[in-house]
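The values are calculated or read from the model by the stated rules, or taken from the named source; none is laboratory data. If you're wondering where the values come from, they're calculated on a predicted model, not measured in any experiment. No Cβ is skipped: glycine too gets one built from the backbone with ideal geometry, and neighbour counts run over all protein chains shown.
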Amino acid sequence: SIGYPSRAAMIDVLDGSASPDRSKNLEPLVTGQDIVAWAALASANHTDRAVLDYVAALAEATRDDESSLLGVSTRGAIGMVRCARVWAAAQGRNFVLPDDIKALVVPVWAHRIIVDPDAAFSGATAEGVIQRALTSVPAPAVGA
């Protein structure tokens, strides 16, 4: 969640909204071929079945949490694995670690969890649901 801009920033946005499309003046930094190559590199990263089981167990834990009205779906778990593969590649690795999942779980999943309104009224948050899942699901011991 990034919240709302300050009033001054909003005025700048509103002022620039009538301007011509400035993106037409930008030069590309990478080619389409670069993107395809990077995607292939990330998708080839190894994800041990124990890490996949960890992701599945975390997703289930978000669904089973007492504060959760709607937890992480299978599609959300797929998104996590894809993000983790890209994250690992960006770290110079060709394999995903449980720590990659831990690093990404809040930014990738927090918007996917709907907290029960009564629980939210009592202070429950999606981040809290995720933290409880991380606490209750042991990370596997996976080596390179």
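Here are some notes:
- Restricting segment 38-73 to residues that are farther than 13 Å from residue 137 by Cβ and among the acidic types (Asp, Glu), the residue that is surrounded by the most Cβ atoms within 10 Å (Cβ to Cβ): 48
- Segment 125-136: number of residues that are among the polar types (S, T, N, Q), assigned to a helix (DSSP H, G or I) and over 16 Å from the mean Cα position of the chain (by Cα): 2
- Residue check for residue 100: more than 22 Å from residue 2 (Cβ to Cβ) and surrounded by fewer than 17 Cβ atoms within 10 Å (Cβ to Cβ): no
- Taken over segment 113-129, the criterion of being surrounded by 13 or more Cβ atoms within 10 Å (Cβ to Cβ) and either touching a helix residue (DSSP H, G or I) at 6+ places or on another chain (Cβ under 8 Å) or not small (Gly, Ala, Ser) (or both) is satisfied by 113, 114, 115, 116, 125, 126, 127, 129.
- When 110, 119 are screened for being within 30 Å of residue 35 (Cβ to Cβ) and modelled with pLDDT under 95, only 110 passes.
- Subset of segment 6-50 [within 30 Å of residue 82 (Cβ to Cβ) and either part of a loop (DSSP other than H, G, I, E, B) or hydroxyl-bearing (Ser, Thr, Tyr) (or both)]: 23, 26, 27, 28, 29, 30, 31, 43, 44, 45, 47, 48
- The selection criterion, being of a type in the set (A, V, I, L, M), out of contact with any Lys or Arg (no Cβ under 7 Å at 6 or more places or on another chain), at pLDDT below 95 and surrounded by 10 or more Cβ atoms within 10 Å (Cβ to Cβ), holds for residue 35.
- Of all residues making up segment 101-124, the number that are farther than 24 Å from residue 78 by Cβ and outside any helix (DSSP H, G or I): 4
- Residues of segment 1-32 that are within 30 Å of residue 113 (Cα to Cα) and either surrounded by 10 or more Cβ atoms within 10 Å (Cβ to Cβ) or in contact (Cβ under 8 Å) with a residue 40 or more places away in the chain (or both): 1, 5, 9, 10.
- Every test in (1) in contact with a Phe, Trp or Tyr (Cβ under 7 Å, 6 or more places away or on another chain); (2) part of a helix (DSSP H, G or I); (3) within 23 Å of residue 68 (Cβ to Cβ); (4) of a type in the set (A, V, I, L, M, F, W, C) is passed by residue 139 save one, and that test is (2).
- Of all residues in segment 65-98 being part of a helix (DSSP H, G or I) and free of Cβ contacts under 8 Å to residues at least 12 places away in the same chain, the one that is farthest from residue 50 (Cα to Cα): 90
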